[in-house]
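FYI, it's all coordinate maths here, none of it is from the lab. Because the structure is predicted, anything quoted here is derived from the model rather than measured. Cβ placement follows ideal geometry from the backbone for every residue including glycine, while neighbour counts extend to all protein chains displayed.
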Amino acid sequence: MMLLERYKKFLPITENTPMVTLHEGNTPLIRARNIEEYLELKDVQIYLKFEGMNPTGSFKDRGMVMAIAKAVEKGAKCTICASTGNTAASAAAYSARVGMQSVVLIPEGKIALGKLAQAVIYGAKVVQIKGNFDRCLEIVKELSENYPFELVNSLNPFRLEGQKTAAFEIVDVLGRAPDYHFIPVGNAGNITAYWMGYTQYHREGISPNLPKMMGFQAEGAAPIVRGRKIENPETVATAIRIGNPASWEKAVRARDESGGVIDTVTDEEILNAQRLIASLEGIFCEPASAASVAGIFKYRKIFRRGDIVVATLTGHGLKDPNVILKSVKEPVVVEPSVDDVLEAIGWK
Ligand code: AN7
């Protein structure tokens, strides 16, 4: 069933809200037995919530479908957002779906190729800013206050409402919340939304427990961990290259209320986790997503027998092929002969 329909009674939906859908949500929760074994964990279950399986390849579709449905409801004609890439792709797709124009502002040269291609093909007016994401967000805030543009960044409360459904799905599958939920943190909307979802299901008596929220920022872009804005954030994980997160205080509250942590992982740890998720489990996520699993590696010592651990893989690896080809050797080229192939793969 489509996302807005399935979770209607937990969402701000009225009789005037159109049931927009591209069949987002209902993403797989995949048991990662090979990672459990690799970490030598006994009787600890790790699950990966693979949000790369959404229509535009990231978790952003959950919040975007809700925000766009509400934009249609109020008669908006044009959406606007700042983005490190995934929000832009999602906003462009859902705006197209309902016949609205979209405008997206992105930091020049700092978004993954696949995301840029998506925004362009879905028909967004794409503007590259000579500045970082934080600057893009300041500009779209000002524009949406003074012009008839519907802001669809996570400052739009309907975004987080839609995104909380990922937590619902996890509880619906496991019959309870996990003990720990690992998640990348950029603009800090998603960690906030998951906490909203878990606490709502807990209040409703659907989940008997609440997880500890374990958020991870890239070392060079870790304003929440450092406790101050970062003027020039840098990380290979361009999706979370953010120095002044919009949902900063809410994320800190989610961390503290849940008894969790927000910590850093290095670019090297991120790329290593990305490669291991792919080579051990057959799941290809983008670098920012792998920050959650890099967090599991960093915190492996805290788990106890019987723990259930979930990590969100926020976006699909195909969005950012360049990052792989930069860090891995190009495959060998040989003459077209059986012998040369056997030699190349080390069978001769
Ligand atoms: C793959 O698209 O901010 O902490 O503009 O694309 O909720 O921001 C993307 C963020 C994690 C961080 N993983 O989530 C944008 C944008 C991926 C992402 C995050 C993003 P938030």
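Taking a straight Cα-Cα cut-off under 17 Å and skipping sequence neighbours fewer than 8 places away in the same chain, no lysines fall within cross-link reach of Lys74. From most to least packed by mean Cβ count within 10 Å, the peptides 310-323, 117-130, 243-256, 6-19 give 310-323, 243-256, 117-130, 6-19. By the scheme Lys and Arg +1, Asp and Glu -1, what is the net charge of all other residues having a beta-carbon under 14 Å from that of Lys298? Around Lys298, the charge tally is -3.
The packing ranking, built from the mean of other Cβ atoms within 10 Å per residue, places the peptides 194-200, 75-81, 289-295 in the order 289-295, 194-200, 75-81, highest first.
Please enumerate, by chain and number, the lysines with C-alpha under 19 Å from the C-alpha of Lys77, excluding those fewer than 8 residues away in the same chain. Counting by Cα, and skipping residues close in sequence, Lys77 has these lysines nearby: Lys125, Lys141. For the pair Glu37 and Val173 in one chain, pulling the backbone fully straight at 0.36 nm per residue adds 46.7 nm over the alpha carbon distance. For the range 21-33, backbone phi angles converted through the Karplus equation (6.51, -1.76, 1.60; θ = phi - 60°) give residue-by-residue couplings of 7, 10, 6, 6, x, 6, 7, x, 10, 9, 5, 9, 5 Hz, Gly and Pro being listed as x. Couplings 3J(HN,Hα) of the range 286-299, computed from phi: 7, x, 4, 4, 5, 4, 5, 6, 4, x, 4, 4, 5, 9 Hz, in residue order, whole Hz [Karplus 6.51 cos²θ - 1.76 cosθ + 1.60, θ = phi - 60°; x for Gly and Pro].
Per-residue packing, averaged as other Cβ atoms within 10 Å, sorts the ranges 136-146, 228-238 into the order 228-238, 136-146, beginning with the highest.
Only helices enter the 222 nm calculation for the chain: every DSSP H run of n ≥ 4 contributes -39,500 (n - 2.57), and dividing by all residues gives -12500 deg cm²/dmol, rounded to 500. Give the percent of DSSP beta bridges with both residues in the chain that are antiparallel, rounded to the nearest 5. Roughly 15 percent of the beta bridges in the chain run antiparallel, per DSSP.
Considering only Tyr180, Asn146, Phe133, the residue lying farthest towards the positive end of the dipole of the range 130-184 is Phe133, judged by Cα position with unit charges set on Cβ.
Extension gain, Ala117 to Val98, is 4.8 nm, computed as 0.36 nm per intervening residue step minus the present C-alpha separation. Each label point was placed 7 Å from the Cα along the Cα-to-Cβ direction; for Asn232 and Asp256 their separation is 3.3 nm. Checked against a 21 Å cut-off, the cross-linked pairs Lys9/Lys164; Lys250/Lys298; Lys49/Lys164; Lys9/Lys115; Lys212/Lys319; Lys115/Lys229 give Cα-Cα distances beyond that limit for Lys250/Lys298; Lys9/Lys115; Lys212/Lys319; Lys115/Lys229. Close amide H pairs (under 5 Å, H built 1.01 Å from N) link Ile80 with Val103, Glu150, Leu151, Val152, residues at least 5 positions away or on another chain.
Based on Cα contacts under 8 Å between residues 6+ apart, the chain shows a relative contact order of 19 percent. Rounded to the nearest 0.05, the FRET efficiency derived from the C-beta distance between Gln200 and Asp339 at R0 = 51 Å is 0.20. Taking springs between alpha-carbon atoms closer than 10 angstrom, which of Asn54, Asn132, Asn272 fluctuates most in the Gaussian network model of the chain? Among Asn54, Asn132, Asn272, the largest mean-square fluctuation in the Gaussian network model of the chain belongs to Asn272.
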